[in-house]
1. Check segment 209-227 and report whether any residue there is within 13 Å of the ligand (Cβ to nearest atom), hydrophobic (A, V, I, L, M, F, W, C) and open to solvent by 30 Å² or more (accessible area, probe 1.4 Å).
2. Name the single residue, out of those in segment 125-156 being over 12 Å from the mean Cα position of the chain (by Cα) and open to solvent by less than 20 Å² (accessible area, probe 1.4 Å), that is farthest from the ligand (Cβ to nearest atom).
3. Which of the residues belonging to segment 163-190 are polar (S, T, N, Q) and open to solvent by less than 40 Å² (accessible area, probe 1.4 Å)?
4. Just checking, does segment 442-459 include any residue being assigned to a loop (DSSP other than H, G, I, E, B) and either out of contact with any Phe, Trp or Tyr (no Cβ under 6 Å at 6 or more places or on another chain) or modelled with pLDDT of 95 or more (or both)?
5. Could you tell me which numbered condition Glu340 fails, if it satisfies all but one of (1) farther than 22 Å from Gly227 by Cα; (2) modelled with pLDDT of 95 or more?
6. I'd like the full set of residues that are of a type outside the set (Lys, Arg) and in a helix (DSSP H, G or I), limited to segment 199-234.
7. Please identify the pairs in which a residue from segment 54-72 that is in contact (Cβ under 8 Å) with a residue 40 or more places away in the chain has its Cβ atom under 7 Å from the Cβ atom of a residue that is among the acidic types (Asp, Glu), counting only partners at least 6 apart or on another chain.
8. Within segment 60-84, count every residue that is buried (at least 24 other Cβ atoms within 10 Å of the Cβ) and near the ligand (Cβ under 8 Å from one of its atoms).
Amino acid sequence: MSVTREYGAVTREILDELLSALGKNRVLSDHDGMEPYSWDETGKNFAVLPEVVVKPGNTEDVRAVMRIAQKHRIPVTASAARSGVAGGAIPLRRGIVLTTEKMNRILEVDPVNRTATVEPGVITNDLCKVAAEKGYLYAGSPMSTFTSTVGGNVATNAGGAKGIRYGSTRAHVLGLEVVLPGGDVLSLGGKIRKGTWGYDLKDLVVGSEGTLGIVTKIVVNLEPMPGRTADLLVPFRTIGEAVAATSKILALGVSLLSCEYLDQPSVLLTSRYVKYVYPFQDEAEAFLLIQVEGKDEETLERDCDKVGNLCYDEGAIEVFVADNRSDSADIWSVRQNYAEALRVKDPYFVSGDVLLPLSRVPDMVRSIEETAKKYELECVVCGHIGEGNMHPDIFKPDQMELREWESYSEAFFADLIRHAVDMGGIGSGEHGVGFVKKPFLTETKGEVEIGLMRRIKQAFDPDWILNPGKIVDS
Ligand SMILES: Cc1cc2nc3c(=O)[nH]c(=O)nc-3n(C[C@H](O)[C@H](O)[C@H](O)COP(=O)(O)OP(=O)(O)OC[C@H]3O[C@@H](n4cnc5c(N)ncnc54)[C@H](O)[C@@H]3O)c2cc1C
(Lines give C-alpha, C1' and ligand atoms only; values in the text may rest on other atoms or scores of the structure.)
Protein backbone atom coordinates (compact mmCIF):
# COMPACT_ATOMS: atom_id res chain seq x y z
CA MET A 1 0.00 0.00 0.00
CA SER A 2 1.34 3.46 -0.78
CA VAL A 3 0.75 6.62 1.25
CA THR A 4 0.64 10.10 -0.27
CA ARG A 5 3.00 12.31 1.72
CA GLU A 6 2.38 15.90 2.66
CA TYR A 7 5.27 18.23 1.88
CA GLY A 8 5.95 21.78 2.94
CA ALA A 9 5.87 24.66 0.47
CA VAL A 10 8.87 26.92 -0.17
CA THR A 11 7.82 30.05 1.69
CA ARG A 12 9.55 33.47 1.67
CA GLU A 13 11.27 32.49 4.97
CA ILE A 14 12.63 29.25 3.51
CA LEU A 15 13.84 31.12 0.44
CA ASP A 16 15.67 33.55 2.74
CA GLU A 17 17.28 30.62 4.59
CA LEU A 18 18.52 29.22 1.27
CA LEU A 19 19.75 32.65 0.16
CA SER A 20 21.68 33.22 3.35
CA ALA A 21 23.22 29.71 3.13
CA LEU A 22 24.27 29.90 -0.54
CA GLY A 23 24.23 33.55 -1.62
CA LYS A 24 21.96 35.18 -4.19
CA ASN A 25 23.82 33.92 -7.28
CA ARG A 26 23.18 30.34 -6.24
CA VAL A 27 19.39 30.51 -5.79
CA LEU A 28 16.83 30.91 -8.58
CA SER A 29 13.14 31.43 -8.06
CA ASP A 30 11.95 33.24 -11.19
CA HIS A 31 9.89 31.32 -13.74
CA ASP A 32 12.20 31.76 -16.72
CA GLY A 33 15.32 30.91 -14.73
CA MET A 34 13.72 27.72 -13.36
CA GLU A 35 12.00 26.54 -16.57
CA PRO A 36 15.02 24.59 -17.94
CA TYR A 37 15.08 22.59 -14.68
CA SER A 38 11.45 21.55 -15.05
CA TRP A 39 12.05 18.84 -17.67
CA ASP A 40 14.60 16.39 -18.99
CA GLU A 41 15.03 14.35 -22.19
CA THR A 42 11.96 12.26 -21.32
CA GLY A 43 10.07 15.11 -22.98
CA LYS A 44 8.90 18.64 -22.27
CA ASN A 45 5.34 17.37 -21.95
CA PHE A 46 6.27 15.94 -18.53
CA ALA A 47 7.60 19.28 -17.22
CA VAL A 48 6.96 20.26 -13.57
CA LEU A 49 8.23 23.67 -12.42
CA PRO A 50 10.15 23.54 -9.11
CA GLU A 51 9.58 26.19 -6.43
CA VAL A 52 13.27 27.03 -6.21
CA VAL A 53 16.53 25.94 -7.89
CA VAL A 54 19.74 25.88 -5.85
CA LYS A 55 23.26 25.63 -7.24
CA PRO A 56 25.59 24.44 -4.48
CA GLY A 57 29.31 24.84 -5.13
CA ASN A 58 30.60 22.23 -2.68
CA THR A 59 29.64 19.56 -0.16
CA GLU A 60 29.07 22.08 2.65
CA ASP A 61 26.54 23.93 0.48
CA VAL A 62 24.72 20.65 -0.23
CA ARG A 63 24.65 19.88 3.51
CA ALA A 64 23.14 23.30 4.23
CA VAL A 65 20.40 22.76 1.62
CA MET A 66 19.61 19.30 2.96
CA ARG A 67 19.34 20.57 6.53
CA ILE A 68 16.89 23.26 5.47
CA ALA A 69 14.91 20.79 3.33
CA GLN A 70 14.70 18.23 6.12
CA LYS A 71 13.65 20.81 8.70
CA HIS A 72 10.73 22.01 6.55
CA ARG A 73 9.95 18.73 4.75
CA ILE A 74 10.63 20.15 1.31
CA PRO A 75 11.21 17.69 -1.57
CA VAL A 76 14.70 17.80 -3.11
CA THR A 77 15.32 16.57 -6.65
CA ALA A 78 18.94 16.28 -7.77
CA SER A 79 19.46 17.49 -11.30
CA ALA A 80 22.58 17.22 -13.44
CA ALA A 81 22.62 17.54 -17.24
CA ARG A 82 18.97 16.43 -17.54
CA SER A 83 19.78 14.03 -20.35
CA GLY A 84 17.86 11.29 -18.49
CA VAL A 85 14.99 9.55 -20.28
CA ALA A 86 13.05 8.12 -17.32
CA GLY A 87 12.02 11.45 -15.82
CA GLY A 88 14.46 11.09 -12.90
CA ALA A 89 15.40 14.77 -12.74
CA ILE A 90 11.82 16.10 -13.01
CA PRO A 91 10.71 17.58 -9.66
CA LEU A 92 7.38 15.73 -9.53
CA ARG A 93 6.39 17.17 -6.12
CA ARG A 94 7.95 20.60 -6.90
CA GLY A 95 10.07 21.86 -3.95
CA ILE A 96 13.83 22.29 -4.44
CA VAL A 97 15.80 21.30 -7.52
CA LEU A 98 19.44 20.89 -6.53
CA THR A 99 21.61 21.18 -9.61
CA THR A 100 25.21 19.97 -9.52
CA GLU A 101 26.28 22.19 -12.43
CA LYS A 102 28.61 24.28 -10.23
CA MET A 103 30.28 21.17 -8.78
CA ASN A 104 32.21 20.33 -11.91
CA ARG A 105 35.86 19.99 -10.96
CA ILE A 106 38.13 17.07 -11.72
CA LEU A 107 39.89 16.96 -8.37
CA GLU A 108 42.63 14.45 -9.05
CA VAL A 109 44.01 11.80 -11.36
CA ASP A 110 46.04 9.37 -9.27
CA PRO A 111 48.37 7.26 -11.44
CA VAL A 112 49.57 5.07 -8.56
CA ASN A 113 46.07 3.91 -7.62
CA ARG A 114 44.78 4.31 -11.21
CA THR A 115 41.83 6.42 -10.07
CA ALA A 116 40.26 9.79 -10.74
CA THR A 117 38.31 11.79 -8.16
CA VAL A 118 35.63 14.11 -9.51
CA GLU A 119 32.73 16.25 -8.44
CA PRO A 120 29.33 15.02 -9.70
CA GLY A 121 28.74 17.81 -12.24
CA VAL A 122 31.76 16.92 -14.40
CA ILE A 123 30.69 16.22 -18.00
CA THR A 124 31.55 12.58 -18.66
CA ASN A 125 33.59 13.28 -21.76
CA ASP A 126 35.72 15.82 -19.85
CA LEU A 127 36.73 13.02 -17.50
CA CYS A 128 37.44 10.74 -20.50
CA LYS A 129 39.64 13.43 -22.07
CA VAL A 130 41.67 14.14 -18.92
CA ALA A 131 42.11 10.41 -18.30
CA ALA A 132 43.24 9.89 -21.92
CA GLU A 133 45.78 12.73 -21.65
CA LYS A 134 47.34 10.77 -18.77
CA GLY A 135 47.24 7.53 -20.75
CA TYR A 136 44.13 5.95 -19.19
CA LEU A 137 40.64 5.01 -20.28
CA TYR A 138 37.57 6.02 -18.29
CA ALA A 139 35.40 3.15 -19.51
CA GLY A 140 32.07 4.19 -17.99
CA SER A 141 30.97 6.68 -20.63
CA PRO A 142 27.49 6.33 -22.17
CA MET A 143 26.45 7.48 -25.65
CA SER A 144 25.45 10.79 -24.04
CA THR A 145 29.07 11.31 -22.96
CA PHE A 146 29.23 14.87 -24.37
CA THR A 147 26.22 16.05 -22.38
CA SER A 148 25.65 13.81 -19.35
CA THR A 149 27.57 14.12 -16.08
CA VAL A 150 29.48 11.58 -14.04
CA GLY A 151 27.05 12.18 -11.13
CA GLY A 152 24.06 11.52 -13.39
CA ASN A 153 25.76 8.39 -14.73
CA VAL A 154 26.37 7.15 -11.17
CA ALA A 155 22.77 7.88 -10.14
CA THR A 156 21.37 5.97 -13.15
CA ASN A 157 24.10 3.30 -13.34
CA ALA A 158 24.49 4.33 -16.97
CA GLY A 159 25.75 1.86 -19.54
CA GLY A 160 27.65 2.49 -22.73
CA ALA A 161 28.87 1.02 -25.96
CA LYS A 162 31.86 -0.52 -24.17
CA GLY A 163 29.72 -2.16 -21.50
CA ILE A 164 30.21 -5.56 -23.11
CA ARG A 165 33.86 -5.38 -22.07
CA TYR A 166 33.93 -3.13 -19.03
CA GLY A 167 30.42 -3.23 -17.53
CA SER A 168 28.12 -0.34 -16.57
CA THR A 169 29.01 2.66 -14.36
CA ARG A 170 28.75 0.66 -11.13
CA ALA A 171 31.77 -1.38 -12.24
CA HIS A 172 33.88 1.81 -12.37
CA VAL A 173 32.83 3.46 -9.11
CA LEU A 174 35.28 2.79 -6.30
CA GLY A 175 34.24 5.47 -3.85
CA LEU A 176 31.40 7.91 -3.17
CA GLU A 177 30.76 10.84 -0.89
CA VAL A 178 27.02 11.11 -0.25
CA VAL A 179 25.02 13.73 1.64
CA LEU A 180 21.92 12.40 3.39
CA PRO A 181 18.74 14.31 4.21
CA GLY A 182 19.55 16.25 7.36
CA GLY A 183 23.11 16.88 6.18
CA ASP A 184 25.08 13.84 7.40
CA VAL A 185 27.93 12.86 5.05
CA LEU A 186 28.72 9.26 4.14
CA SER A 187 32.13 8.31 2.79
CA LEU A 188 31.68 4.98 1.01
CA GLY A 189 34.49 2.89 -0.46
CA GLY A 190 37.54 4.79 -1.67
CA LYS A 191 40.65 4.09 -3.72
CA ILE A 192 40.25 0.41 -3.03
CA ARG A 193 39.25 -2.36 -5.37
CA LYS A 194 37.59 -5.00 -3.23
CA GLY A 195 36.29 -5.51 0.29
CA THR A 196 33.98 -7.41 2.60
CA TRP A 197 33.37 -4.73 5.16
CA GLY A 198 29.67 -4.77 5.95
CA TYR A 199 26.80 -4.16 3.55
CA ASP A 200 27.96 -2.41 0.38
CA LEU A 201 26.11 0.90 0.59
CA LYS A 202 28.18 2.35 -2.25
CA ASP A 203 26.76 -0.15 -4.72
CA LEU A 204 23.28 0.55 -3.36
CA VAL A 205 23.60 4.30 -3.97
CA VAL A 206 24.80 3.70 -7.54
CA GLY A 207 21.61 3.47 -9.62
CA SER A 208 19.39 4.92 -6.87
CA GLU A 209 18.40 7.93 -9.04
CA GLY A 210 18.73 10.55 -6.34
CA THR A 211 16.29 8.80 -3.97
CA LEU A 212 18.78 7.82 -1.23
CA GLY A 213 21.28 10.69 -1.05
CA ILE A 214 23.04 13.42 -3.01
CA VAL A 215 26.35 12.25 -4.48
CA THR A 216 28.96 14.97 -3.96
CA LYS A 217 32.24 13.24 -4.83
CA ILE A 218 33.11 10.19 -6.92
CA VAL A 219 36.27 8.08 -7.11
CA VAL A 220 36.39 6.14 -10.37
CA ASN A 221 38.58 3.37 -11.65
CA LEU A 222 40.73 4.11 -14.70
CA GLU A 223 41.62 1.32 -17.12
CA PRO A 224 44.81 0.96 -19.10
CA MET A 225 44.23 2.14 -22.67
CA PRO A 226 43.13 -0.75 -24.90
CA GLY A 227 45.51 -1.96 -27.60
CA ARG A 228 44.92 -1.26 -31.28
CA THR A 229 41.29 -1.28 -32.33
CA ALA A 230 39.33 -1.62 -35.56
CA ASP A 231 35.63 -1.05 -36.18
CA LEU A 232 33.58 -3.40 -38.33
CA LEU A 233 30.36 -2.25 -39.92
CA VAL A 234 28.30 -5.22 -41.05
CA PRO A 235 25.02 -4.91 -42.98
CA PHE A 236 22.74 -7.98 -42.89
CA ARG A 237 19.88 -8.58 -45.28
CA THR A 238 17.58 -9.68 -42.44
CA ILE A 239 17.22 -8.75 -38.77
CA GLY A 240 17.19 -12.45 -37.88
CA GLU A 241 20.65 -12.95 -39.41
CA ALA A 242 22.15 -9.98 -37.55
CA VAL A 243 20.71 -11.10 -34.23
CA ALA A 244 21.74 -14.72 -34.74
CA ALA A 245 25.30 -13.67 -35.65
CA THR A 246 25.72 -11.76 -32.38
CA SER A 247 25.88 -14.66 -29.95
CA LYS A 248 28.27 -16.52 -32.25
CA ILE A 249 30.55 -13.46 -32.47
CA LEU A 250 30.58 -13.24 -28.67
CA ALA A 251 31.52 -16.91 -28.43
CA LEU A 252 34.54 -16.53 -30.76
CA GLY A 253 36.88 -15.67 -27.91
CA VAL A 254 38.02 -12.51 -29.69
CA SER A 255 38.64 -9.37 -27.61
CA LEU A 256 35.60 -7.16 -28.29
CA LEU A 257 35.04 -3.66 -26.94
CA SER A 258 31.60 -3.11 -28.51
CA CYS A 259 28.85 -4.95 -30.30
CA GLU A 260 26.02 -2.59 -31.23
CA TYR A 261 22.84 -3.07 -33.26
CA LEU A 262 20.91 -0.67 -35.47
CA ASP A 263 17.87 -1.57 -37.54
CA GLN A 264 17.31 -0.11 -41.02
CA PRO A 265 14.73 2.56 -40.07
CA SER A 266 17.06 3.93 -37.38
CA VAL A 267 19.99 4.03 -39.81
CA LEU A 268 17.96 5.77 -42.53
CA LEU A 269 16.75 8.36 -40.03
CA THR A 270 20.11 9.03 -38.39
CA SER A 271 22.17 8.98 -41.57
CA ARG A 272 20.02 11.81 -42.91
CA TYR A 273 20.66 13.73 -39.70
CA VAL A 274 24.46 13.24 -39.64
CA LYS A 275 24.76 13.28 -43.45
CA TYR A 276 26.74 10.06 -43.57
CA VAL A 277 25.39 7.15 -45.58
CA TYR A 278 25.96 3.56 -44.45
CA PRO A 279 26.77 1.14 -47.28
CA PHE A 280 23.76 -0.98 -48.33
CA GLN A 281 21.46 1.04 -46.09
CA ASP A 282 18.62 0.69 -48.59
CA GLU A 283 18.92 -3.10 -48.73
CA ALA A 284 20.07 -4.17 -45.27
CA GLU A 285 17.41 -4.72 -42.61
CA ALA A 286 19.96 -4.50 -39.80
CA PHE A 287 23.55 -3.52 -39.02
CA LEU A 288 26.10 -4.63 -36.44
CA LEU A 289 28.82 -2.22 -35.36
CA ILE A 290 31.62 -4.19 -33.77
CA GLN A 291 34.83 -2.90 -32.18
CA VAL A 292 37.65 -5.43 -32.04
CA GLU A 293 40.81 -4.99 -29.97
CA GLY A 294 44.19 -6.59 -30.64
CA LYS A 295 47.40 -6.30 -28.66
CA ASP A 296 49.31 -5.82 -31.92
CA GLU A 297 48.62 -5.34 -35.63
CA GLU A 298 48.86 -9.05 -36.41
CA THR A 299 46.41 -10.14 -33.69
CA LEU A 300 44.00 -7.38 -34.65
CA GLU A 301 44.01 -8.38 -38.31
CA ARG A 302 43.55 -12.05 -37.45
CA ASP A 303 40.66 -11.36 -35.07
CA CYS A 304 38.93 -8.99 -37.50
CA ASP A 305 39.15 -11.75 -40.12
CA LYS A 306 37.60 -14.22 -37.67
CA VAL A 307 34.67 -11.90 -36.93
CA GLY A 308 34.28 -10.92 -40.59
CA ASN A 309 34.27 -14.52 -41.84
CA LEU A 310 31.73 -15.52 -39.23
CA CYS A 311 29.50 -12.63 -40.30
CA TYR A 312 29.73 -13.77 -43.94
CA ASP A 313 28.80 -17.31 -42.86
CA GLU A 314 25.75 -15.85 -41.07
CA GLY A 315 24.58 -13.98 -44.18
CA ALA A 316 26.30 -10.57 -44.05
CA ILE A 317 26.00 -8.64 -47.31
CA GLU A 318 29.49 -7.19 -46.82
CA VAL A 319 31.96 -6.52 -44.00
CA PHE A 320 33.53 -3.06 -43.85
CA VAL A 321 36.59 -2.54 -41.67
CA ALA A 322 37.43 0.97 -40.50
CA ASP A 323 40.96 0.93 -39.19
CA ASN A 324 41.67 4.63 -39.07
CA ARG A 325 40.23 7.32 -36.80
CA SER A 326 38.33 9.23 -39.43
CA ASP A 327 36.45 6.20 -40.85
CA SER A 328 35.74 4.96 -37.32
CA ALA A 329 34.37 8.35 -36.27
CA ASP A 330 32.10 8.38 -39.34
CA ILE A 331 30.57 4.98 -38.77
CA TRP A 332 30.14 5.64 -35.03
CA SER A 333 28.55 9.05 -35.71
CA VAL A 334 25.35 7.29 -36.79
CA ARG A 335 25.09 5.32 -33.53
CA GLN A 336 26.15 8.28 -31.39
CA ASN A 337 23.63 10.69 -32.90
CA TYR A 338 20.76 8.24 -32.96
CA ALA A 339 18.79 9.77 -30.06
CA GLU A 340 19.33 13.33 -31.31
CA ALA A 341 18.04 12.35 -34.75
CA LEU A 342 14.93 10.79 -33.23
CA ARG A 343 14.26 13.92 -31.15
CA VAL A 344 14.52 16.09 -34.27
CA LYS A 345 12.00 13.90 -36.09
CA ASP A 346 9.59 13.84 -33.16
CA PRO A 347 10.05 15.77 -29.90
CA TYR A 348 7.58 13.36 -28.27
CA PHE A 349 9.24 10.07 -29.20
CA VAL A 350 9.45 7.66 -26.28
CA SER A 351 12.52 5.56 -25.61
CA GLY A 352 12.46 1.96 -24.36
CA ASP A 353 15.26 0.04 -22.66
CA VAL A 354 14.60 -3.70 -22.20
CA LEU A 355 17.35 -6.05 -21.03
CA LEU A 356 17.31 -9.76 -21.90
CA PRO A 357 19.45 -12.81 -21.50
CA LEU A 358 21.36 -12.95 -24.80
CA SER A 359 19.59 -16.19 -25.79
CA ARG A 360 16.20 -14.38 -25.71
CA VAL A 361 17.18 -11.35 -27.81
CA PRO A 362 15.78 -12.91 -31.02
CA ASP A 363 12.42 -13.48 -29.25
CA MET A 364 12.46 -9.91 -27.94
CA VAL A 365 13.14 -8.49 -31.39
CA ARG A 366 10.11 -10.44 -32.69
CA SER A 367 8.03 -9.25 -29.76
CA ILE A 368 8.98 -5.61 -30.48
CA GLU A 369 7.92 -6.03 -34.13
CA GLU A 370 4.60 -7.67 -33.21
CA THR A 371 3.81 -5.16 -30.45
CA ALA A 372 4.54 -2.20 -32.75
CA LYS A 373 2.19 -3.77 -35.34
CA LYS A 374 -0.52 -4.34 -32.73
CA TYR A 375 -0.36 -0.70 -31.62
CA GLU A 376 0.12 0.53 -35.21
CA LEU A 377 3.19 2.50 -34.18
CA GLU A 378 6.32 3.48 -36.07
CA CYS A 379 9.15 1.92 -34.08
CA VAL A 380 12.92 2.02 -34.56
CA VAL A 381 15.34 -0.18 -32.66
CA CYS A 382 18.98 0.12 -31.68
CA GLY A 383 20.82 -1.44 -28.79
CA HIS A 384 23.86 -2.65 -26.96
CA ILE A 385 23.01 -6.07 -28.39
CA GLY A 386 26.18 -7.68 -27.04
CA GLU A 387 24.73 -7.14 -23.56
CA GLY A 388 21.15 -8.07 -24.53
CA ASN A 389 20.08 -4.42 -24.07
CA MET A 390 17.63 -3.25 -26.74
CA HIS A 391 16.15 0.23 -27.19
CA PRO A 392 12.80 0.16 -29.05
CA ASP A 393 11.81 3.78 -29.63
CA ILE A 394 8.33 4.86 -30.77
CA PHE A 395 6.99 7.98 -32.46
CA LYS A 396 3.74 9.77 -31.69
CA PRO A 397 1.20 9.38 -34.50
CA ASP A 398 0.54 12.86 -35.94
CA GLN A 399 -3.14 12.98 -35.09
CA MET A 400 -2.81 11.73 -31.49
CA GLU A 401 -3.24 14.23 -28.63
CA LEU A 402 -0.40 14.41 -26.09
CA ARG A 403 -2.53 13.15 -23.18
CA GLU A 404 -3.60 10.10 -25.17
CA TRP A 405 0.01 9.57 -26.33
CA GLU A 406 1.22 9.38 -22.72
CA SER A 407 -1.15 6.53 -21.86
CA TYR A 408 -0.86 4.86 -25.29
CA SER A 409 2.94 4.75 -25.20
CA GLU A 410 2.80 3.59 -21.58
CA ALA A 411 0.55 0.68 -22.60
CA PHE A 412 2.95 -0.24 -25.42
CA PHE A 413 5.93 -0.37 -23.05
CA ALA A 414 3.91 -2.17 -20.38
CA ASP A 415 3.37 -4.98 -22.91
CA LEU A 416 7.05 -5.05 -23.87
CA ILE A 417 8.30 -5.01 -20.29
CA ARG A 418 5.95 -7.88 -19.40
CA HIS A 419 7.30 -9.86 -22.36
CA ALA A 420 10.88 -9.07 -21.28
CA VAL A 421 10.20 -10.18 -17.70
CA ASP A 422 8.51 -13.39 -18.95
CA MET A 423 11.73 -14.12 -20.82
CA GLY A 424 13.93 -13.63 -17.75
CA GLY A 425 14.75 -9.99 -18.51
CA ILE A 426 13.97 -6.61 -16.90
CA GLY A 427 12.41 -3.28 -17.87
CA SER A 428 15.56 -1.13 -17.86
CA GLY A 429 19.14 -1.97 -18.70
CA GLU A 430 20.49 1.52 -18.07
CA HIS A 431 18.00 4.39 -18.32
CA GLY A 432 16.55 3.74 -14.89
CA VAL A 433 13.06 3.63 -13.44
CA GLY A 434 12.39 7.32 -12.69
CA PHE A 435 8.64 7.77 -12.57
CA VAL A 436 7.86 6.55 -16.08
CA LYS A 437 8.62 2.90 -15.28
CA LYS A 438 7.71 2.91 -11.59
CA PRO A 439 4.34 1.15 -12.11
CA PHE A 440 6.03 -1.68 -14.06
CA LEU A 441 8.75 -2.07 -11.44
CA THR A 442 6.07 -2.48 -8.78
CA GLU A 443 4.10 -4.89 -10.97
CA THR A 444 7.03 -7.12 -11.90
CA LYS A 445 9.08 -7.21 -8.70
CA GLY A 446 6.65 -8.70 -6.22
CA GLU A 447 5.61 -7.40 -2.81
CA VAL A 448 8.49 -8.78 -0.76
CA GLU A 449 11.18 -7.13 -2.86
CA ILE A 450 9.31 -3.83 -3.25
CA GLY A 451 8.67 -3.87 0.52
CA LEU A 452 12.42 -4.24 1.16
CA MET A 453 13.16 -1.40 -1.27
CA ARG A 454 10.71 0.82 0.59
CA ARG A 455 12.35 0.02 3.93
CA ILE A 456 15.80 0.80 2.48
CA LYS A 457 14.45 4.11 1.19
CA GLN A 458 12.94 4.83 4.62
CA ALA A 459 16.28 4.10 6.33
CA PHE A 460 18.17 6.59 4.16
CA ASP A 461 15.42 9.18 3.89
CA PRO A 462 12.93 8.88 6.79
CA ASP A 463 10.76 11.78 5.55
CA TRP A 464 10.86 10.72 1.90
CA ILE A 465 12.04 14.14 0.77
CA LEU A 466 14.58 12.88 -1.78
CA ASN A 467 13.19 12.74 -5.30
CA PRO A 468 9.68 11.65 -4.23
CA GLY A 469 7.60 9.74 -6.78
CA LYS A 470 10.62 7.90 -8.24
CA ILE A 471 11.41 4.15 -8.12
CA VAL A 472 9.15 3.34 -5.13
CA ASP A 473 6.43 5.17 -3.23
CA SER A 474 6.10 5.41 0.53
C1 LIG B 1 21.33 11.34 -26.79
C2 LIG B 1 21.23 10.48 -25.56
C3 LIG B 1 21.96 9.31 -25.49
C4 LIG B 1 21.93 8.53 -24.33
N5 LIG B 1 22.70 7.41 -24.26
C6 LIG B 1 22.71 6.69 -23.13
C7 LIG B 1 23.53 5.51 -23.02
O8 LIG B 1 24.23 5.11 -23.93
N9 LIG B 1 23.50 4.84 -21.86
C10 LIG B 1 22.75 5.26 -20.80
O11 LIG B 1 22.81 4.62 -19.75
N12 LIG B 1 21.96 6.33 -20.88
C13 LIG B 1 21.93 7.07 -21.99
N14 LIG B 1 21.13 8.18 -22.07
C15 LIG B 1 20.35 8.60 -20.90
C16 LIG B 1 21.12 9.62 -19.97
O17 LIG B 1 22.12 10.31 -20.68
C18 LIG B 1 21.73 8.90 -18.78
O19 LIG B 1 20.70 8.42 -17.96
C20 LIG B 1 22.67 9.77 -17.92
O21 LIG B 1 23.34 8.96 -16.98
C22 LIG B 1 21.97 10.91 -17.19
O23 LIG B 1 22.96 11.83 -16.74
P24 LIG B 1 22.62 13.35 -16.45
O25 LIG B 1 23.88 13.98 -15.97
O26 LIG B 1 21.97 13.97 -17.61
O27 LIG B 1 21.61 13.20 -15.24
P28 LIG B 1 20.12 13.77 -15.08
O29 LIG B 1 19.29 13.35 -16.22
O30 LIG B 1 20.16 15.20 -14.74
O31 LIG B 1 19.66 12.95 -13.77
C32 LIG B 1 19.46 11.56 -13.84
C33 LIG B 1 19.10 11.02 -12.45
O34 LIG B 1 20.21 11.13 -11.59
C35 LIG B 1 19.87 11.85 -10.41
N36 LIG B 1 21.08 12.60 -10.04
C37 LIG B 1 21.80 13.43 -10.83
N38 LIG B 1 22.88 13.88 -10.16
C39 LIG B 1 22.83 13.33 -8.91
C40 LIG B 1 23.65 13.41 -7.76
N41 LIG B 1 24.75 14.15 -7.71
N42 LIG B 1 23.30 12.70 -6.66
C43 LIG B 1 22.19 11.93 -6.66
N44 LIG B 1 21.37 11.82 -7.73
C45 LIG B 1 21.69 12.51 -8.84
C46 LIG B 1 18.68 12.71 -10.81
O47 LIG B 1 17.85 13.03 -9.69
C48 LIG B 1 17.96 11.78 -11.77
O49 LIG B 1 17.18 10.86 -11.05
C50 LIG B 1 21.11 8.94 -23.23
C51 LIG B 1 20.34 10.10 -23.34
C52 LIG B 1 20.39 10.87 -24.48
C53 LIG B 1 19.58 12.12 -24.53
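1. At the first step, the residues of segment 209-227 found to be within 13 Å of the ligand (Cβ to nearest atom) are 209-218.
Imposing the further condition that a residue be hydrophobic (A, V, I, L, M, F, W, C) reduces the set to 212, 214-215, 218.
Subset that is open to solvent by 30 Å² or more (accessible area, probe 1.4 Å): none.
No, segment 209-227 has no match at all.
2. Ala131
3. Quick first cut of segment 163-190, residues polar (S, T, N, Q) only: 168-169, 187.
Hits for segment 163-190 are Ser168, Thr169.
4. Start the filter on segment 442-459 by keeping residues that are assigned to a loop (DSSP other than H, G, I, E, B), which leaves 446.
Subsequent filtering for residues that are either out of contact with any Phe, Trp or Tyr (no Cβ under 6 Å at 6 or more places or on another chain) or modelled with pLDDT of 95 or more (or both) retains 446.
Yes: one or more hits.
5. (2)
6. Step one: of segment 199-234, the residues of a type outside the set (Lys, Arg) are 199-201, 203-216, 218-227, 229-234.
Within segment 199-234, Leu201, Asp203, Leu204, Val205 qualify.
7. As it stands, the answer is Lys55/Glu101; Thr59/Glu177; Ile68/Glu17; Gln70/Asp463, since those pairs meet every condition given.
8. First pass over segment 60-84, keeping only residues buried (at least 24 other Cβ atoms within 10 Å of the Cβ): 62, 65-66, 69, 74-80, 84.
Narrowing further to those that are near the ligand (Cβ under 8 Å from one of its atoms): 77-80, 84.
Final tally of qualifying residues: 5.
The values are calculated or read from the model by the stated rules, or taken from the named source; none is laboratory data. Source: prediction; values computed, not measured. Cβ: placed from backbone, ideal geometry, glycine included. Neighbour counts: every protein chain shown. Remember, those area values only see protein heavy atoms, side chains included, never the ligands or the DNA or RNA. Shrake-Rupley method; radii C 1.70, N 1.55, O 1.52, S 1.80 Å.
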